[in-house]
Every structure is written in C-alpha cells, then in structure tokens.
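Here's the structure, in structure tokens; my notes come after.
The values are calculated or read from the model by the stated rules, or taken from the named source; none is laboratory data. Quick caveat, the model's predicted, so the values are computed rather than measured. Cβ: placed from backbone, ideal geometry, glycine included. Neighbour counts: every protein chain shown. For accessibility, only protein heavy atoms count, side chains too; no ligands or nucleic acids. Shrake-Rupley method; radii C 1.70, N 1.55, O 1.52, S 1.80 Å.
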Amino acid sequence: MEESFVFQWSVIRSLLSILQWWAFNVTVIIVNKWIFQKLDFKFPLSVSCVHFICSSIGAYVVIKLLKLKPLITVDPEDRWRRIFPMSFVFCINIVLGNVSLRYIPVSFMQTIKSFTPATTVVLQWLVWRKYFDWRIWASLVPIVGGILLTSVTELSFNMFGFCAALFGCLATSTKTILAESLLHGYKFDSINTVYYMAPFATMILAVPAMLLEGNGILEWLNTHPYPWSALIIIFSSGVLAFCLNFSIFYVIHSTTAVTFNVAGNLKVAVAVLVSWLIFRNPISYLNSVGCAVTLVGCTFYGYVRHKLSQQPQIPGTPRTPRTPRTPRSKMELLPLVNDKLEDKV
C-alpha cells in the first residue's frame, strides 16, 4: 500500500513538474513574441540583456539569500578560462534566438530549433572526429526532412530570421560540445549555470545593445502611447526567463531522461499551438506536416540515443560517445532563457 502511494506521488510529481515547465516555457516565448510584434519593441539585444540581468539577480537571490540551492564553487582562474568562453557562446545563442523570434513566427522558429540534434552530431563528426553509431545518423533523417519541408512551405518565411534561428542551433550545439571540455569537473545545475554565466553575458552584451539600439529605444519611449506599461511587460519577461531556468532544474530532478525527451518535444507542439491561437500566423497543411515529422524525428533520436547509452561495452570495439548527451545531462548544462535548450528565448 505504501509502495503504491509512493509510486502514485512520483507520477503526480513528474506530471506537475512537466506542466509547470511547459507553462513557463510557452509563456516566455509568447511574451517575447508579443514584445516584438504587439509592443513594437524591435530590439532583441536589449530584450536579451534584460533577461540576463533578471537571471543574474534571480540566481543570486536563490543561491545567496534564500539558499534554496547550494553554490558550486568555481576557481577564480576557471571563471575566466572556462566560464567566460561558455558565457560568450551562451550570449550569442540567446541573442540569435530572440533575433529569429523578431522576424519569423513562433511555430517556424521552434521547428528550426529542433534541428539542434543534427547540428550537434555533424559538428562533432566534422570538427572533433567523433564516431557515431549508424542508428544515430538514421534517426536524424526525419529531423532534416521535416525541417526542409517546413522551410519550403513556410508562408511567413524571412531569410534573416531563418538564418538567425539556424545559426542559433549551431551556437546551441557549440555550447553543448564545449561544455564537455570547459566544464569538465564541475557538475553544474541550471541555477548555478545561470549564476555564473548570466553576469558575464550581461557584461558582453550591454555595450553593443546600447550602441546599436540605444537611440531606437529612446525614440520608442517618446512615441509609444503606454511606455511604462510596456516596460513592465518587458521586465516581466526577464523574470519569467529566470523562472524558466528554475523550472528546468525541477523537471530534471523529477523525471527520467526518456520522459524528459518526450515532454520536450510535446512542449514544442504546445508552443506552436498556443502561438497560433494568439497570433494567428498562417500555417499550411504541408507546413504542419513538416513540423510534426520534425518532432517525431526528435523523439526517435532521443530514444535511439538513450538505448545506445544503455548498451554494455564490448571489449575491442570503439565506444559510441555519449555526446550529444541524454537530455537530463544536456539540460543541466544549458541555462535557458532560451528553451531547448531546449532550449533557451
């Protein structure tokens, strides 16, 4: 009886953790798109900077003041030698995500972001010469096919937004790969990752944001009919972005890797549906088919990767690298102001 109660509570806890993760993730994406489209605040660098600032403050409060999570100590030398390069790639990743969201619909952007597994595998094969089982390559076929179909049939296609989203996938993959070498020896969770990386990202992005978007923001403040209400929404998106990181930490510790993978792909479908209900961007039948194929491919890729990681090693045979990692390990190293990684926006 007691074991049955524990099992039921474990299932309920996992379900609640997934639902709150979905809620924060979808809300961040929708609010960011609302800022760019409805508030006419077309400054993705500044929005990203607000997210970094809020995440820095939030991580400090959680770790230092509330002590909800113990601080992982990092040597001062490693902060610049390891954390700073990761923060630079992290910053580029988030900025590209927000730039893409500025120019293309949420549904298209989320579908392109699902291309990340393919870019991660290809980068490791080309640059690091890592071996991958043929089943990994086969599992990438539906992802690539779905992305191609979605891109060709996208009715609101914008080349600049498309390129930003695609390079965002490359940045995400680079960050994941670099994390294995640069963060070796440090078992970061999402909160500690934000604690160390967000301040560096703010420092990196603050000056470019002021130089490139400062005059535009001043003009926007003078012309917008309700600037203070709009600013509240913009800073609220930063608070939500930090809450998303905290929700990732919770869901990672409440679900298995397979459940996390499936829930992550279903989350993309939820984000696409909710964004369409709010913004009503035109979606063709073939476009929706391409999106569905991509999500099924991502789920299949996660399943194959998980099964291969569970296989016993045969002596004398090359070991299939565990990278790209299972979603549990990967998300521990991916601070999300963007989602998938996730994600990160």
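Tabulated data
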{"item": "Qualifying residue in the stretch 284-305 (condition: under 21 Å from Val31 (Cβ atoms) and open to solvent by 60 Å² or more (accessible area, probe 1.4 Å))", "result": "no"}
{"item": "Inter-residue pairs, beta-carbon under 7 Å, first on the phi > 0 side of the Ramachandran plot and at pLDDT below 90 and in the stretch 72-90, second assigned to a helix (DSSP H, G or I) and open to solvent by 100 Å² or more (accessible area, probe 1.4 Å), 6+ apart", "result": "none"}
{"item": "Qualifying residues in the stretch 34-61 (those that are within 21 Å of the chain's Cα centre (by Cα) and aliphatic (A, V, I, L, M)) - the one surrounded by the fewest Cβ atoms within 10 Å (Cβ to Cβ)", "result": "Ile57"}
{"item": "Which numbered condition Val268 misses (of (1) over 30 Å from Gln37 (Cα atoms); (2) of a type in the set (A, V, I, L, M); (3) open to solvent by less than 50 Å² (accessible area, probe 1.4 Å))", "result": "(1)"}
{"item": "Matching helices (runs of 4 or more DSSP H) fully within the stretch 72-148 where at least 3 residues are open to solvent by 40 Å² or more (accessible area, probe 1.4 Å)", "result": "84-103, 116-126"}
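Listed here are the residues, each with its yes/no results for (1) assigned to a helix (DSSP H, G or I); (2) at pLDDT 80 or above; (3) over 15 Å from the mean Cα position of the chain (by Cα).
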{"residue": "Leu244", "(1), (2), (3)": "yes, yes, no"}
{"residue": "Val293", "(1), (2), (3)": "yes, yes, yes"}
{"residue": "His306", "(1), (2), (3)": "yes, yes, yes"}
{"residue": "Pro335", "(1), (2), (3)": "no, no, no"}
